[in-house]
Amino acid sequence: MHGRTCVAFALLLAAALLGGCRPAAQTGATTGATTGGDDRVTLSAYIPCGLTVPFHEALAMYEAANPSVAVKPLFDNDATLLKMVRDEGQRPDVFVSPGGREFGVLVEQGLAEEAAAARVGSFKIVAAVRRGWTGRVTRPGDLTGAQVKSIALPDPDNTSLGWHVRQSLTKLGLWAQVQPKVRPAGRIIEAFDQVLQGKADLTFTYRSCPLPKSEKELAKSKARIAFELPLDSYDEPQVTIGVLSTTAHRAEAEALVRFLGSHAAAQQMIASGLPDERAGLAPAQPATGQATWGPVAAPGKAAVVAFFPDDADHKPVRALLASLPQRFPGRVTVEVHNFRDPSGDPQGFQMWQNAGLGCAGILINGKNSFTVGAGKAAHQVRFQRKMDVIWTQQELLDALAQELKGSGAPASAG
């Protein structure tokens, strides 16, 4: 455990015991709570993958303080988790929503109850554009101008970000004029991709994701912030933790939610990376956003360590990674870990935490940021988050060739 985790543990243990919480563990996340052969109650929890580290640590603390309950988390994209519950009939005991709306959808369908929910952290919403876009947009009112022809936006009915953007623009008296310009997207990263690919002029994101958290890294990214939505124009988006009405172990599930919503647990999760943008508390991460941990190969060779989920959405990047040893025979080694599976790949999860990436990403000889290209085309790229959105296959190959160049490797590969 990290030092800060050990300190927080004492506080959380006291909070759990004083609150009369019962214990927690880890279960099949698709069918709800069960009672194992050791008489422990096992609760399942669906949690957005961007919150893997803070919730993994908090759940471990809860289990330590409550040995009769086990909690098995499933970490995945928030849109995917909502679909699994709403459309596919899966029934976890606890559901976590990144900004509240996804949980609200379940409440509206009678699958969850608002009364038992807890809220932690907070988000700010900003408008983002491509760095090279020539339009001038500095305030919400500029969205109605002719220079903004298209706005990529996640579904306002089913995603927290889209819901709060529509709420803000409605309160500002702009939604009726802006709505015809909206290009729908299923997820934040898909809307962000539309902007980076030039398919839309502008999108909205949370300040901390998918934009880099540090101002230094933001200045080098492919997108820039155009403006921030006024905080008083939309309800505060907060991570919402709630109980499904179908749970067979309501008392245990509600006790877990109370624990996660307690001040001590919330502060620990914020220190571990849970966003609290409105409070101005910076989640823990390297000051520059540059990961500097990982194996380093001998001169002229490259050790690639990657952290991506083993799912259909990341099949292309995993295929690319698998091809690298053949593209660079004898010079490149590759290992891939599923950071969303702390229990199934504990070593990989620990490596990912040590790397300080914060989300999916790739380290080449312990680094994840490179300058690629030559002359005016030179630019910095970070191999983090989704391929073909934040970075491209060719940029990865160029960075690898750069690491290998000292021993006469070709300038590019593939």
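Return yes or no: is Pro98 in contact (Cβ under 8 Å) with a residue 40 or more places away in the chain and either closer than 14 Å to Ala253 by Cα or basic (Lys, Arg) (or both)? So Pro98 does not fit the description; no.
One line per residue, one yes/no per condition, for (1) surrounded by fewer than 23 Cβ atoms within 10 Å (Cβ to Cβ); (2) touching a Gly at 6+ places or on another chain (Cβ under 6 Å); (3) part of a loop (DSSP other than H, G, I, E, B):
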| residue | (1), (2), (3) |
| --- | --- |
| Glu63 | yes, no, no |
| Lys72 | yes, no, no |
| Leu81 | no, no, no |
| Phe95 | no, yes, no |
| Gly99 | no, no, yes |
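Here is a yes/no grid of residues against (1) under 17 Å from the mean Cα position of the chain (by Cα); (2) in a strand (DSSP E or B):
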residue: Pro329; (1), (2): no, no
residue: Thr333; (1), (2): no, yes
residue: Phe339; (1), (2): yes, no
residue: Pro342; (1), (2): yes, no
residue: Gln347; (1), (2): no, no
residue: Met351; (1), (2): no, no
residue: Ile362; (1), (2): yes, yes
residue: Thr371; (1), (2): no, yes
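Of the candidates Thr205, Thr159, Thr138, the single residue that is touching a strand residue (DSSP E or B) at 6+ places or on another chain (Cβ under 7 Å), buried (at least 18 other Cβ atoms within 10 Å of the Cβ) and touching a residue at least 60 places away in the same chain (Cβ under 8 Å) is Thr205.
Restrict the check to region 173-180 and report whether at least one residue is within 24 Å of Gly121 (Cβ to Cβ) and modelled with pLDDT of 95 or more.
We begin by selecting, within region 173-180, every residue within 24 Å of Gly121 (Cβ to Cβ); these are none.
Checked against the condition, which is being within 24 Å of Gly121 (Cβ to Cβ) and modelled with pLDDT of 95 or more, region 173-180 yields no hits at all.
Residue-level check: of (1) in contact with a Gly (Cβ under 8 Å, 6 or more places away or on another chain); (2) in contact (Cβ under 8 Å) with a residue 40 or more places away in the chain; (3) more than 19 Å from Asn158 (Cα to Cα), Leu174 misses just (2).
Please determine whether any residue of region 298-317 is part of a loop (DSSP other than H, G, I, E, B), at pLDDT below 85, out of contact with any Asp or Glu (no Cβ under 8 Å at 6 or more places or on another chain) and of a type in the set (A, V, I, L, M). For region 298-317, residues part of a loop (DSSP other than H, G, I, E, B), at pLDDT below 85, out of contact with any Asp or Glu (no Cβ under 8 Å at 6 or more places or on another chain) and of a type in the set (A, V, I, L, M): present. Looking only at residues of region 193-221 that are part of a strand (DSSP E or B) and in contact with a Pro (Cβ under 9 Å, 6 or more places away or on another chain), we find that the one that is modelled with the lowest pLDDT is Cys209. Of Leu172, Leu229, all but one fail to be surrounded by fewer than 19 Cβ atoms within 10 Å (Cβ to Cβ), in contact with a helix residue (DSSP H, G or I) (Cβ under 7 Å, 6 or more places away or on another chain) and not assigned by TED's automatic domain parsing to the domain that holds Val85; the exception is Leu172.
The values are calculated or read from the model by the stated rules, or taken from the named source; none is laboratory data. Note that the structure is predicted; figures quoted are calculated from it, not measured. As a convention, Cβ positions derive from the backbone with ideal geometry for all residues, glycine included, and neighbour counts pool all protein chains shown.
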